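Have a look at the structure below, then the notes.
The values are calculated or read from the model by the stated rules, or taken from the named source; none is laboratory data. A quick note: this is a predicted structure, and the numbers were derived from the prediction, not measured. Every residue, glycine among them, receives a Cβ derived from its backbone with ideal geometry; neighbour counts consider all protein chains shown.
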Amino acid sequence: MNQVLETMESNEILQSEMMYIRIMEYSVETIIIHADYKIIYINQVGSEFLRGTKEQIIGSNCLDIIQDDMKDMIRERIEHGMCGEEPLEVIEQAIIRCDGTLVDVEFYCQPVQFGNRRAMQTVFRDITIRKETEKMLYDRQKMASIGQIAAGIVHEVKNPLTSVKGFLQLLKENNPHPYLIAMESELEKAIDTLSNLLQVAKPDLYSEPITEIDLCKELSSLLFLFQDKLYDIEIETDFQDCDKHIFGKKNMYLKAFFNLIKNAIEAMPGKGKLRIEHYYQSDSVHVKISDTGVGIPKDKINLLGTPFYSNKSDGTGLGLTQVFSTINDHGGQITVHSVVDRGTTVHMKLPENPVGFEMH
Ligand SMILES: Nc1ncnc2c1ncn2[C@@H]1O[C@H](COP(=O)(O)OP(=O)(O)OP(=O)(O)O)[C@@H](O)[C@H]1O
Ligand SMILES: [Mg+2]
(Lines give C-alpha, C1' and ligand atoms only; values in the text may rest on other atoms or scores of the structure.)
(Ligands and ions follow the chains in the order given, each with its own letter.)
Protein backbone atom coordinates (compact mmCIF):
# COMPACT_ATOMS: atom_id res chain seq x y z
CA MET A 1 0.00 0.00 0.00
CA ASN A 2 2.76 2.37 1.01
CA GLN A 3 4.67 1.56 -2.17
CA VAL A 4 1.61 2.28 -4.31
CA LEU A 5 1.19 5.66 -2.60
CA GLU A 6 4.86 6.44 -3.09
CA THR A 7 4.69 5.52 -6.78
CA MET A 8 1.57 7.69 -7.22
CA GLU A 9 3.35 10.53 -5.47
CA SER A 10 6.50 10.24 -7.56
CA ASN A 11 4.33 10.06 -10.70
CA GLU A 12 2.69 13.31 -9.67
CA ILE A 13 6.08 14.91 -9.03
CA LEU A 14 7.27 13.71 -12.42
CA GLN A 15 4.16 15.06 -14.12
CA SER A 16 4.38 18.45 -12.45
CA GLU A 17 8.08 18.58 -13.32
CA MET A 18 7.30 17.80 -16.97
CA MET A 19 4.68 20.54 -16.93
CA TYR A 20 7.21 22.94 -15.41
CA ILE A 21 9.74 22.12 -18.14
CA ARG A 22 7.07 22.50 -20.82
CA ILE A 23 6.15 25.97 -19.53
CA MET A 24 9.80 27.00 -19.56
CA GLU A 25 10.33 25.50 -23.00
CA TYR A 26 7.46 27.59 -24.44
CA SER A 27 8.53 30.76 -22.70
CA VAL A 28 9.65 33.56 -25.01
CA GLU A 29 12.32 34.54 -22.51
CA THR A 30 15.63 32.86 -21.85
CA ILE A 31 15.43 30.62 -18.80
CA ILE A 32 18.32 28.73 -17.30
CA ILE A 33 18.40 26.59 -14.20
CA HIS A 34 21.65 26.14 -12.40
CA ALA A 35 22.78 24.36 -9.27
CA ASP A 36 26.23 24.84 -7.75
CA TYR A 37 26.89 27.26 -10.66
CA LYS A 38 26.47 24.45 -13.18
CA ILE A 39 23.76 24.97 -15.80
CA ILE A 40 21.41 21.98 -15.68
CA TYR A 41 18.69 23.29 -17.97
CA ILE A 42 18.22 25.93 -20.66
CA ASN A 43 15.17 26.39 -22.88
CA GLN A 44 15.37 26.42 -26.69
CA VAL A 45 14.82 30.20 -26.96
CA GLY A 46 17.64 30.61 -24.45
CA SER A 47 20.19 28.56 -26.34
CA GLU A 48 19.35 30.51 -29.51
CA PHE A 49 19.64 33.80 -27.64
CA LEU A 50 23.00 32.79 -26.18
CA ARG A 51 24.06 31.61 -29.66
CA GLY A 52 25.09 28.15 -28.56
CA THR A 53 23.65 24.65 -28.58
CA LYS A 54 21.95 23.13 -25.55
CA GLU A 55 24.71 20.50 -25.41
CA GLN A 56 27.33 23.23 -25.32
CA ILE A 57 25.57 25.23 -22.62
CA ILE A 58 24.26 22.52 -20.28
CA GLY A 59 27.05 21.51 -17.94
CA SER A 60 28.92 24.80 -18.31
CA ASN A 61 29.44 27.29 -15.49
CA CYS A 62 26.69 29.89 -15.28
CA LEU A 63 29.29 32.57 -14.42
CA ASP A 64 30.94 32.07 -17.84
CA ILE A 65 28.41 34.46 -19.36
CA ILE A 66 29.15 37.15 -16.78
CA GLN A 67 31.87 39.74 -17.41
CA ASP A 68 34.95 39.35 -15.19
CA ASP A 69 34.44 42.47 -13.08
CA MET A 70 30.87 41.43 -12.20
CA LYS A 71 31.51 37.77 -11.36
CA ASP A 72 32.06 38.29 -7.60
CA MET A 73 28.90 40.34 -7.22
CA ILE A 74 26.79 37.76 -9.09
CA ARG A 75 28.34 34.88 -7.12
CA GLU A 76 27.39 36.65 -3.89
CA ARG A 77 23.83 37.23 -5.10
CA ILE A 78 23.39 33.59 -6.02
CA GLU A 79 24.73 32.46 -2.61
CA HIS A 80 22.42 34.91 -0.89
CA GLY A 81 19.43 33.92 -3.07
CA MET A 82 19.90 30.22 -2.40
CA CYS A 83 19.42 30.86 1.34
CA GLY A 84 15.96 32.39 0.85
CA GLU A 85 12.75 31.69 -1.03
CA GLU A 86 12.04 35.08 -2.60
CA PRO A 87 13.13 36.10 -6.11
CA LEU A 88 16.11 38.47 -6.18
CA GLU A 89 15.62 41.98 -7.52
CA VAL A 90 15.99 42.50 -11.26
CA ILE A 91 19.39 43.73 -12.40
CA GLU A 92 20.72 45.01 -15.72
CA GLN A 93 23.99 43.74 -17.14
CA ALA A 94 25.72 43.03 -20.40
CA ILE A 95 26.32 39.28 -20.68
CA ILE A 96 28.69 37.37 -22.95
CA ARG A 97 27.14 35.04 -25.51
CA CYS A 98 28.77 31.82 -26.72
CA ASP A 99 30.15 33.61 -29.81
CA GLY A 100 31.83 36.21 -27.59
CA THR A 101 29.43 39.08 -28.37
CA LEU A 102 27.94 41.17 -25.57
CA VAL A 103 24.23 41.75 -25.15
CA ASP A 104 22.35 43.96 -22.69
CA VAL A 105 19.85 42.03 -20.59
CA GLU A 106 17.86 42.41 -17.42
CA PHE A 107 17.52 39.30 -15.31
CA TYR A 108 16.25 38.00 -12.05
CA CYS A 109 16.99 34.83 -10.11
CA GLN A 110 14.63 32.74 -8.06
CA PRO A 111 15.40 29.67 -5.97
CA VAL A 112 13.41 26.66 -7.21
CA GLN A 113 13.09 22.93 -6.61
CA PHE A 114 14.23 21.20 -9.81
CA GLY A 115 13.68 17.45 -9.54
CA ASN A 116 15.06 16.55 -6.18
CA ARG A 117 17.58 19.40 -6.13
CA ARG A 118 17.39 22.91 -4.88
CA ALA A 119 18.48 25.12 -7.75
CA MET A 120 18.34 28.65 -9.05
CA GLN A 121 16.21 29.73 -11.98
CA THR A 122 17.41 32.78 -13.90
CA VAL A 123 15.23 34.54 -16.46
CA PHE A 124 16.86 36.90 -18.96
CA ARG A 125 15.15 39.58 -21.05
CA ASP A 126 16.86 41.19 -24.04
CA ILE A 127 16.87 44.97 -23.49
CA THR A 128 19.04 46.00 -26.45
CA ILE A 129 16.27 48.00 -28.12
CA ARG A 130 15.25 49.69 -24.86
CA LYS A 131 18.88 50.65 -24.18
CA GLU A 132 19.34 52.01 -27.69
CA THR A 133 16.16 54.06 -27.39
CA GLU A 134 17.18 55.35 -23.96
CA LYS A 135 20.59 56.35 -25.29
CA MET A 136 19.04 58.07 -28.28
CA LEU A 137 16.62 59.97 -26.06
CA TYR A 138 19.42 60.86 -23.66
CA ASP A 139 21.63 62.09 -26.52
CA ARG A 140 18.76 64.07 -28.00
CA GLN A 141 17.90 65.65 -24.66
CA LYS A 142 21.56 66.42 -24.02
CA MET A 143 21.90 68.00 -27.43
CA ALA A 144 18.63 69.89 -27.09
CA SER A 145 19.59 71.47 -23.77
CA ILE A 146 23.12 72.19 -24.99
CA GLY A 147 21.55 73.75 -28.07
CA GLN A 148 19.34 76.03 -26.02
CA ILE A 149 22.17 77.16 -23.76
CA ALA A 150 24.49 77.65 -26.71
CA ALA A 151 21.94 79.60 -28.73
CA GLY A 152 21.32 81.87 -25.74
CA ILE A 153 25.02 82.54 -25.14
CA VAL A 154 25.79 83.04 -28.80
CA HIS A 155 22.99 85.52 -29.11
CA GLU A 156 24.10 87.48 -26.05
CA VAL A 157 27.81 87.51 -26.91
CA LYS A 158 27.85 87.72 -30.68
CA ASN A 159 25.98 91.04 -30.98
CA PRO A 160 28.31 93.06 -28.72
CA LEU A 161 31.34 91.47 -30.40
CA THR A 162 30.02 92.44 -33.80
CA SER A 163 29.58 96.04 -32.71
CA VAL A 164 33.12 96.05 -31.22
CA LYS A 165 34.33 94.83 -34.60
CA GLY A 166 32.53 97.73 -36.29
CA PHE A 167 34.17 100.28 -33.95
CA LEU A 168 37.55 98.65 -34.50
CA GLN A 169 37.14 99.08 -38.24
CA LEU A 170 36.34 102.75 -37.76
CA LEU A 171 39.36 103.16 -35.48
CA LYS A 172 41.56 101.42 -38.03
CA GLU A 173 40.46 103.82 -40.74
CA ASN A 174 41.42 106.86 -38.65
CA ASN A 175 44.54 105.50 -36.89
CA PRO A 176 46.05 102.57 -38.77
CA HIS A 177 47.98 100.52 -36.24
CA PRO A 178 49.25 96.91 -36.53
CA TYR A 179 47.70 96.04 -33.14
CA LEU A 180 44.28 96.96 -34.49
CA ILE A 181 44.69 94.51 -37.38
CA ALA A 182 45.65 91.74 -34.93
CA MET A 183 42.69 92.62 -32.69
CA GLU A 184 40.32 92.51 -35.61
CA SER A 185 41.49 89.11 -36.79
CA GLU A 186 41.26 87.66 -33.24
CA LEU A 187 37.77 89.06 -32.94
CA GLU A 188 36.81 87.46 -36.25
CA LYS A 189 38.02 84.09 -34.93
CA ALA A 190 35.87 84.47 -31.82
CA ILE A 191 32.81 85.40 -33.89
CA ASP A 192 33.49 82.42 -36.17
CA THR A 193 33.66 80.05 -33.22
CA LEU A 194 30.35 81.37 -31.94
CA SER A 195 28.73 80.93 -35.35
CA ASN A 196 30.10 77.40 -35.52
CA LEU A 197 28.72 76.62 -32.11
CA LEU A 198 25.32 77.88 -33.12
CA GLN A 199 25.42 75.84 -36.28
CA VAL A 200 26.39 72.56 -34.63
CA ALA A 201 24.38 72.84 -31.45
CA LYS A 202 21.23 74.14 -33.02
CA PRO A 203 21.37 72.61 -36.49
CA ASP A 204 17.72 73.26 -37.22
CA LEU A 205 18.62 76.89 -37.65
CA TYR A 206 20.87 75.69 -40.40
CA SER A 207 18.15 74.96 -42.86
CA GLU A 208 19.18 72.81 -45.72
CA PRO A 209 16.96 70.78 -48.01
CA ILE A 210 16.79 67.01 -47.69
CA THR A 211 18.42 65.36 -50.69
CA GLU A 212 19.43 61.88 -51.82
CA ILE A 213 22.98 61.05 -50.77
CA ASP A 214 25.23 58.45 -52.37
CA LEU A 215 27.43 57.87 -49.33
CA CYS A 216 29.97 55.58 -51.05
CA LYS A 217 30.68 58.31 -53.58
CA GLU A 218 30.75 61.10 -50.99
CA LEU A 219 33.04 59.18 -48.62
CA SER A 220 35.51 58.49 -51.44
CA SER A 221 35.55 62.20 -52.36
CA LEU A 222 36.01 63.20 -48.73
CA LEU A 223 39.11 61.03 -48.45
CA PHE A 224 40.72 63.05 -51.25
CA LEU A 225 40.57 66.14 -49.03
CA PHE A 226 42.99 64.47 -46.63
CA GLN A 227 45.57 63.38 -49.20
CA ASP A 228 48.32 65.61 -47.86
CA LYS A 229 47.93 64.04 -44.39
CA LEU A 230 47.94 60.45 -45.47
CA TYR A 231 51.60 59.56 -46.18
CA ASP A 232 51.96 57.16 -43.30
CA ILE A 233 48.36 56.14 -43.02
CA GLU A 234 47.08 53.16 -44.89
CA ILE A 235 43.50 53.48 -46.08
CA GLU A 236 41.20 50.54 -46.42
CA THR A 237 37.67 50.90 -47.71
CA ASP A 238 35.05 48.20 -47.72
CA PHE A 239 32.05 49.69 -49.48
CA GLN A 240 29.14 47.33 -49.97
CA ASP A 241 25.52 47.90 -51.01
CA CYS A 242 26.44 51.22 -52.61
CA ASP A 243 23.11 51.26 -54.46
CA LYS A 244 21.42 51.97 -51.11
CA HIS A 245 21.25 55.74 -50.81
CA ILE A 246 20.08 57.71 -47.82
CA PHE A 247 18.13 60.95 -47.65
CA GLY A 248 19.20 63.81 -45.46
CA LYS A 249 20.97 67.13 -45.16
CA LYS A 250 23.99 66.45 -47.31
CA ASN A 251 26.29 69.19 -46.04
CA MET A 252 25.62 68.31 -42.43
CA TYR A 253 26.41 64.64 -43.12
CA LEU A 254 29.55 65.53 -45.09
CA LYS A 255 30.75 67.81 -42.32
CA ALA A 256 30.13 65.01 -39.80
CA PHE A 257 32.11 62.44 -41.81
CA PHE A 258 34.82 65.02 -42.37
CA ASN A 259 35.07 65.56 -38.59
CA LEU A 260 35.25 61.82 -37.95
CA ILE A 261 37.94 61.18 -40.55
CA LYS A 262 39.88 64.17 -39.22
CA ASN A 263 39.70 62.78 -35.68
CA ALA A 264 40.79 59.34 -36.86
CA ILE A 265 43.81 60.79 -38.69
CA GLU A 266 44.73 63.03 -35.76
CA ALA A 267 44.61 59.97 -33.48
CA MET A 268 47.38 58.33 -35.53
CA PRO A 269 50.38 60.67 -35.37
CA GLY A 270 52.80 57.96 -36.54
CA LYS A 271 51.79 55.09 -38.76
CA GLY A 272 48.30 53.71 -38.75
CA LYS A 273 45.36 52.34 -40.66
CA LEU A 274 42.12 54.11 -41.41
CA ARG A 275 39.29 51.80 -42.37
CA ILE A 276 35.92 52.89 -43.69
CA GLU A 277 33.07 50.44 -44.09
CA HIS A 278 29.69 50.95 -45.72
CA TYR A 279 26.97 48.30 -45.80
CA TYR A 280 23.23 47.90 -45.60
CA GLN A 281 21.56 45.91 -42.85
CA SER A 282 18.12 45.87 -41.22
CA ASP A 283 16.68 48.84 -43.13
CA SER A 284 19.68 51.06 -42.31
CA VAL A 285 22.91 52.09 -43.94
CA HIS A 286 25.84 51.39 -41.63
CA VAL A 287 29.07 53.36 -41.78
CA LYS A 288 32.03 52.43 -39.62
CA ILE A 289 35.12 54.60 -39.35
CA SER A 290 37.98 52.86 -37.55
CA ASP A 291 41.50 53.90 -36.77
CA THR A 292 44.43 52.19 -35.12
CA GLY A 293 45.26 55.29 -33.11
CA VAL A 294 45.70 56.29 -29.49
CA GLY A 295 42.18 55.29 -28.42
CA ILE A 296 39.94 56.90 -25.81
CA PRO A 297 39.96 55.92 -22.11
CA LYS A 298 36.71 54.30 -20.92
CA ASP A 299 35.93 57.14 -18.50
CA LYS A 300 36.15 59.72 -21.30
CA ILE A 301 33.79 57.99 -23.74
CA ASN A 302 30.77 59.64 -22.09
CA LEU A 303 32.26 63.09 -22.62
CA LEU A 304 32.42 62.67 -26.39
CA GLY A 305 30.03 65.07 -28.07
CA THR A 306 30.07 67.54 -25.19
CA PRO A 307 30.90 70.97 -26.66
CA PHE A 308 34.49 72.08 -26.07
CA TYR A 309 35.63 68.69 -24.73
CA SER A 310 39.02 68.33 -26.38
CA ASN A 311 42.45 67.10 -25.39
CA LYS A 312 44.15 68.69 -28.40
CA SER A 313 46.03 71.95 -28.00
CA ASP A 314 44.43 73.36 -31.16
CA GLY A 315 41.10 71.54 -30.96
CA THR A 316 37.83 73.38 -30.51
CA GLY A 317 36.04 70.30 -29.19
CA LEU A 318 33.09 71.01 -31.46
CA GLY A 319 33.81 68.29 -34.04
CA LEU A 320 31.97 65.47 -32.30
CA THR A 321 29.21 67.80 -31.10
CA GLN A 322 28.42 68.40 -34.75
CA VAL A 323 28.67 64.66 -35.52
CA PHE A 324 26.36 63.60 -32.68
CA SER A 325 23.75 66.25 -33.38
CA THR A 326 23.73 65.47 -37.12
CA ILE A 327 23.29 61.73 -36.61
CA ASN A 328 20.67 62.18 -33.89
CA ASP A 329 18.73 64.75 -35.86
CA HIS A 330 18.47 62.35 -38.79
CA GLY A 331 17.15 59.66 -36.45
CA GLY A 332 20.36 57.63 -36.67
CA GLN A 333 22.38 55.99 -33.96
CA ILE A 334 26.03 56.34 -33.16
CA THR A 335 28.24 54.21 -30.94
CA VAL A 336 31.91 54.59 -30.18
CA HIS A 337 34.06 51.62 -29.32
CA SER A 338 37.62 52.33 -28.29
CA VAL A 339 40.60 50.64 -26.71
CA VAL A 340 43.49 52.76 -25.49
CA ASP A 341 46.59 52.32 -27.69
CA ARG A 342 44.68 50.04 -30.04
CA GLY A 343 42.21 52.33 -31.77
CA THR A 344 38.70 53.60 -32.11
CA THR A 345 35.68 52.62 -34.15
CA VAL A 346 32.74 54.92 -34.66
CA HIS A 347 29.71 53.00 -35.86
CA MET A 348 26.77 54.86 -37.35
CA LYS A 349 23.43 53.35 -38.20
CA LEU A 350 21.63 55.70 -40.56
CA PRO A 351 17.98 55.39 -41.55
CA GLU A 352 17.31 55.55 -45.30
CA ASN A 353 14.88 58.38 -44.64
CA PRO A 354 15.47 60.84 -41.83
CA VAL A 355 13.08 60.56 -38.92
CA GLY A 356 11.83 63.86 -37.56
CA PHE A 357 12.82 66.24 -40.36
CA GLU A 358 10.19 67.59 -42.66
CA MET A 359 10.85 66.23 -46.16
CA HIS A 360 11.14 68.99 -48.76
N1 LIG B 1 39.28 58.70 -33.29
C2 LIG B 1 39.66 59.18 -32.11
N3 LIG B 1 40.71 58.63 -31.43
C4 LIG B 1 41.09 59.11 -30.23
N5 LIG B 1 40.50 60.14 -29.60
C6 LIG B 1 39.46 60.73 -30.20
C7 LIG B 1 38.98 60.29 -31.48
N8 LIG B 1 37.92 61.07 -31.81
C9 LIG B 1 37.76 61.95 -30.81
N10 LIG B 1 38.68 61.76 -29.85
C11 LIG B 1 38.81 62.52 -28.59
O12 LIG B 1 37.63 63.30 -28.43
C13 LIG B 1 37.98 64.67 -28.29
C14 LIG B 1 36.86 65.51 -28.89
O15 LIG B 1 36.82 65.36 -30.28
P16 LIG B 1 36.21 66.52 -31.17
O17 LIG B 1 36.29 66.13 -32.59
O18 LIG B 1 34.88 66.90 -30.62
O19 LIG B 1 37.18 67.75 -30.87
P20 LIG B 1 38.70 67.94 -31.30
O21 LIG B 1 39.05 66.94 -32.35
O22 LIG B 1 39.53 67.94 -30.08
O23 LIG B 1 38.69 69.38 -31.90
P24 LIG B 1 38.17 69.81 -33.37
O25 LIG B 1 37.36 68.69 -33.93
O26 LIG B 1 37.36 71.00 -33.12
O27 LIG B 1 39.39 70.06 -34.15
C28 LIG B 1 39.31 64.80 -28.97
O29 LIG B 1 40.07 65.91 -28.46
C30 LIG B 1 39.97 63.48 -28.64
O31 LIG B 1 40.52 63.51 -27.35
MG1 LIG C 1 37.82 66.71 -34.04
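Flag: residue 37 matches the condition of being modelled with pLDDT of 85 or more and not hydrophobic (A, V, I, L, M, F, W, C). When 336, 346 are checked against the criterion of being in a strand (DSSP E or B), within 12 Å of ligand 2 (Cβ to nearest atom) and of a type outside the set (D, E, K, R), a single residue qualifies: 346. The residue list 339, 346 contains one member that is more than 9 Å from ligand 1 (Cβ to nearest atom) and out of contact with any Asp or Glu (no Cβ under 6 Å at 6 or more places or on another chain), which is 339. When you check residue 59 against the structure, is it farther than 27 Å from residue 133 by Cβ and not assigned by TED's automatic domain parsing to the domain that holds residue 135, yes or no? Yes; evaluated as a whole, the condition is true for this residue. Condition check for residue 283 on (1) buried (at least 21 other Cβ atoms within 10 Å of the Cβ); (2) on the phi > 0 side of the Ramachandran plot: one failure, at (1).
Only residues that are in contact with a Pro (Cβ under 9 Å, 6 or more places away or on another chain) and within 15 Å of ligand 1 (Cβ to nearest atom) were counted in segment 273-296, giving 2. In segment 297-324, the residue that is nearest to ligand 1 (Cβ to nearest atom) out of those that are crowded, with 18+ Cβ neighbours inside 10 Å and under 14 Å from the mean Cα position of the chain (by Cα) is 320. With respect to being without any contact (Cβ under 8 Å) to a residue 24 or more places away in the chain, within 25 Å of the chain's Cα centre (by Cα) and closer than 30 Å to residue 318 by Cα, residue 106 falls outside the description.
Residue pairs whose Cβ atoms lie under 8 Å apart, sitting 6 or more positions apart in sequence or on different chains, and linking a residue in segment 48-64 that is of a type in the set (Lys, Arg) to a partner that is surrounded by fewer than 18 Cβ atoms within 10 Å (Cβ to Cβ), are 51/97; 51/98; 51/99; 51/101; 54/44.
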